[in-house]
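The values are calculated or read from the model by the stated rules, or taken from the named source; none is laboratory data. Worth saying up front: this structure is predicted, and the values here are computed from it rather than measured. Cβ atoms come from the backbone with ideal geometry, glycine included; neighbour counts cover every protein chain shown. Areas reflect the complete protein model, heavy atoms only, side chains present, ligands, DNA and RNA absent. Shrake-Rupley method; radii C 1.70, N 1.55, O 1.52, S 1.80 Å.
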Amino acid sequence: MVSIVLAMIQLTGQLLTIDVGDRTWTTTTIDAELESFIGGRGIATKLAHDRIPFDARPFGPENRVYLSTGPLQASRMSFTGRMNATTLSPLTDGLLSANAGGYLSRNFGATGYPCVEIVGTSDELLAVHVTNEDVTFEPVPELAGSVVSETSAAMDARHGVGSDTLATIGPAGENEVRYASLMTSDTRAFGRGGIGAVLGSKNVKTISFTGADELSATIPDDGVTEEIHRQAATEDHIMKRQGTTSGIDMKNDLYSLPTRYFERTSFDEGVDGINGAAVESKKYKRGTCSMCAFACKLPTRDEETGVEAEGPEFETVFSFGSNLLVDDIVSVMKSNERCDELGVDTISAGVTIGAYLQSEDRFADSELIHELIERIAHREGVGDRLAEGVDRIHDELGVRNWTTKGLEFPGHDGRVLHGRALGYATANRGADHMYSKIHNLEYEGRVPPKGLDGKAPLIADLENLKAINDSAIVCKFSRGAIDEDRYERLFGVTYDRLIEIGGLTVDLERHFNNKRGFDRSDDTLPYEIDGLEDALDEYYDYRGWNADGTVPDGMRRH
Ligand code: SF4
């Protein structure tokens, strides 16, 4: 393998492979892979591409789950309280990485492993305990059906390992809901694509990570991490008060806020009840992730009802608010809280419930919505069908299929933000707002929302940069604090070179998916955008891919 060696930033350490079928563990040297793919999503993608069979079944023992950190988790810089998870998705049937905040990343790093791989299938429900010295396996049949916080409390009582050391599934994961999340710190989700369901299929209820080791990483010492940290601590930013909900009124005014299962793009009659001010009115303390002075999280509480949640973030406000015609932020908070406890992705759950409400013409019914969340997680009654996701059930419901590559759409509407639409079509993960985040440039007017001129190469570059973010790992809400100069100083290479390196991860994801049958016909949208086909041609050409959306045989994939 030919390696691209990054000049300054470097993570070393071994891959820990845990076979939960025969309850064994092994370690493997992966230095060469880490040199090329940095860590996080990059190293997990490289290993998943090479180790998960192209014909694997998502719920088969041959599927693998990767949990990984990056070199910046060895720093004390803000925006680094995050971790990566990668697997073959039971929702999209392609390779999928998700990213969660909270406090797990540093506890994971204390094991000394940059990446942990879970393979096999256990014959009984397990808790797996990983330290820098050992891996132990604890049968936990008595935790079957327990919600996330109950599992955390049990692990804390038995072993002194609290929620910040745990990656846990809820009943939804055990029941293989195709969009079940993997939870940490009780309320932080590796949300998208069903990673929790894959661990459920392996009969793994929870994994604890503790230790006395530390990540082995070289990071720059020219002061750039301190500059970024200081800016995060001192700058005045509305996200510190309202998190990602701060732009809801703007999105509503721009007609980019999907409403009534995407029938409309604004919620004028109800937006005041669910906007950033409504969320802020329920916020009772600051919330953050490990080491992060930006602190954009949203612990909320309603004194009247006693409902408490971590959030809701913008995407949950869209999926359980405007898109279901719910104008009550407490109802959205309760949906958020139940999704976290039961372990389901709030976007996919809300959109799938929206499909059902449209089929029944029962929008704005909070009681029904909360009941459906429970039924989905336990696969009870109609919940058993809704647990399959919109792509698999839209025909029987008689509604439009609001997915791309099987992933339910998030809340930045591509019918208004045309670059956003193209990015939904191209993303290997499916309808994924975090894959390029082009919508930020369109909201800010840095590129015009209408039209696709020049956007194909821009989206490719942004996708590559986000792959770097997910590999290093640095939170994507750091956008205002890390400019091109700071990226170059953090990584020790030119910005253009960094974009090129990020592209290797995108190529690998695409190549894996191609081997499972994905091609241009999957880069689609449920609506028409003028110029989409020409823009796809330009995008594939810019990446060096074939016109059918596949990675050419022999293209460098190291
Ligand atoms: S910016 Fe927000 S989401 Fe990102 S690491 Fe900091 S607190 Fe967590």
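Tabulated results
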| read-out | value |
| --- | --- |
| Rounded, prolate or oblate (a/c below 1.5 giving rounded, otherwise prolate when a/b exceeds b/c) for the range 1-136 by Cα gyration tensor | prolate |
| Hz values of 3J(HN,Hα) by residue in the range 180-193 - Karplus curve (6.51, -1.76, 1.60), Gly and Pro given as x | 5, 9, 10, 10, 9, 6, 6, 10, 9, 10, 7, x, 8, x |
| Loop-located trypsin sites (Lys or Arg not before Pro) in the range 328-434 whose Cβ has at most 15 other Cβ within 10 Å (DSSP) | Arg362, Arg400 |
| Per-pair calculated FRET efficiency, R0 = 30 Å: Glu227 and Lys285 via Cβ, rounded to 0.05 | 0.60 |
| Near-label residues of the range 89-103 by backbone N, under 16 Å of a point 7 Å along Cα→Cβ of Arg76 | none |
| Two-site label geometry, Glu138 and Asp530: point separation in nm, points 7 Å out along Cα→Cβ | 6.2 |
| Length gained when the stretch Asp384-Asp519 is fully extended (0.36 nm per residue, less Cα-Cα span) | 45.6 nm |
| Cut-off 10 Å between beta-carbons: net charge of the residues surrounding Thr404, Lys and Arg +1, Asp and Glu -1 | -3 |
| Loop-located GluC sites (Glu not before Pro) in the range 272-356 whose Cβ has at most 10 other Cβ within 10 Å (DSSP) | Glu303, Glu304 |
| Alpha-carbon centroid distance for the pair the range 46-66 / the range 351-404, whole angstrom | 29 |
| Cleavage-rule hits, GluC sites (Glu not before Pro), the range 480-558, DSSP coil, Cβ neighbours within 10 Å at most 14 | Glu528 |
| Label-point separation, Arg301 to Glu444 (7 Å along Cα→Cβ), nm | 3.6 |
| The chain - mean residue ellipticity at 222 nm from DSSP helices (-39,500 (n - 2.57) per run, n ≥ 4, rounded to 500) | -11000 deg cm²/dmol |
| Share of pairwise Cα separations in the range 410-491, more than 20 Å, in percent | 30 |
| Heavy-atom accessible surface of the chain: percent carbon and sulfur, 1.4 Å | 45 |
| Label-point separation, Thr26 to Thr12 (7 Å along Cα→Cβ), nm | 2.3 |
| Linear extension gain, Asp483 paired with Asp395, 0.36 nm per residue minus alpha-carbon span | 27.1 nm |
| Long-range HN-HN contacts of Leu407 with modeled amide H, under 5 Å | Ala431 |
| Solvent-accessible area per residue, Å², over the chain with all protein chains present [probe radius 1.4 Å] | 33 |
| Global form of the chain, assessed from the alpha-carbon gyration tensor, a/c cut-off 1.5 | rounded |
| Anisotropy class of the range 465-510 from Cα gyration tensor, a/c 1.5 cut | oblate |
